[in-house]
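Below: one structure, written as structure tokens.
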Amino acid sequence: MAKTSERKNHNKRVQKQECKSELVEKRRKMTIVCPEPQMPPLLKRRIEEIAGVGTTTVWLNAKELTISDVKEHLDRLFIPKTEALKQFLNENEIENLDRTNNRTKVVDPEGDEWDLIFKYWTKVNQYVFTSQWYQLVADKGLQSGEVLQVWGFRCKDKPCFAINRISQRSKLANTDGASSSRPQ
């Protein structure tokens, strides 16, 4: 009887690890490796209006929108964890992202400003924008399969973000024409 119970527990642990591995692989495939593109002039101007002329922007990465990223009832966007994002955030911000509702400004491709919550969800090990994300999706007509480029900047010493919309993955390219690809 004890051996049967041990075997069942072992099988459950193996299944759980396999599911976790599948989830990690799925997230890896959703992340786009992309060299830093040139920021659109409209976004640059808008950031300077919000945070001041000469504000430094940090290229964080790009993300292909999934079906769940644009669903109304989910109202959230997972942000790829990158080394650039970890370096952009200070130690205190990283420590508090899973405990507090951190309001942040997000500038969309048309220069409109959104007040979203930026958090770290420990259960899924992901950074996320919530609270009014779906309103942005609906207002801008964002759809799954589109790619968002993401930059960070600071306003009043708080992290803020700018997103640019690329309508298709094939259009994602840096200024010298080299296209991006997913990691293999």
Exercise for the section: From (1) open to solvent by less than 30 Å² (accessible area, probe 1.4 Å); (2) over 15 Å from the mean Cα position of the chain (by Cα); (3) under 19 Å from ILE163 (Cβ atoms), pick out the condition that doesn't hold for GLY52. Expected result: (3)
Completion exercise
So, first residue within 20 Å of ARG103 (Cα to Cα) in the range 139-154, second residue among the hydroxyl-bearing types (Ser, Thr, Tyr) and not in a strand (DSSP E or B), Cβ within less than 8 Å, six or more apart or across chains; the pairs are PHE153/THR55; PHE153/THR56; ARG154/THR55; ARG154/THR56
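Within the group LEU23, LEU43, which residue is in a helix (DSSP H, G or I) and modelled with pLDDT under 90?
Working: LEU43 fails: modelled with pLDDT under 90.
The conditions single out LEU23.
Which residue is nearest to the chain's Cα centre (by Cα), if the candidates are limited to the range 74-92 and must be open to solvent by 70 Å² or more (accessible area, probe 1.4 Å) and among the basic types (Lys, Arg)?
The extreme case among them is LYS81.
Which residues, counting only those in the range 55-70, are over 9 Å from the mean Cα position of the chain (by Cα), closer than 17 Å to CYS160 by Cβ, outside any loop (DSSP other than H, G, I, E, B) and of a type outside the set (Phe, Trp, Tyr)?
First, pick out the residues of the range 55-70 that are over 9 Å from the mean Cα position of the chain (by Cα): 55-59, 64-70.
Then keep just the ones that are closer than 17 Å to CYS160 by Cβ; that gives 55-59.
Still in the running and outside any loop (DSSP other than H, G, I, E, B): 57-59.
The answer is THR57, VAL58.
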Handout entry: Options GLU110, GLU95, GLU146: the member that is surrounded by fewer than 16 Cβ atoms within 10 Å (Cβ to Cβ) and out of contact with any helix residue (DSSP H, G or I) (no Cβ under 8 Å at 6 or more places or on another chain)
Key = GLU95
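The values are calculated or read from the model by the stated rules, or taken from the named source; none is laboratory data. This one's a predicted model, so the numbers in the text were calculated from it and none came from an experiment. Here the Cβ is made from the backbone with ideal geometry for all residues, glycine too, and neighbour counts use every protein chain on show. All accessible areas refer to the heavy atoms of the entire protein, side chains included, with ligands and DNA or RNA removed. Shrake-Rupley method; radii C 1.70, N 1.55, O 1.52, S 1.80 Å.
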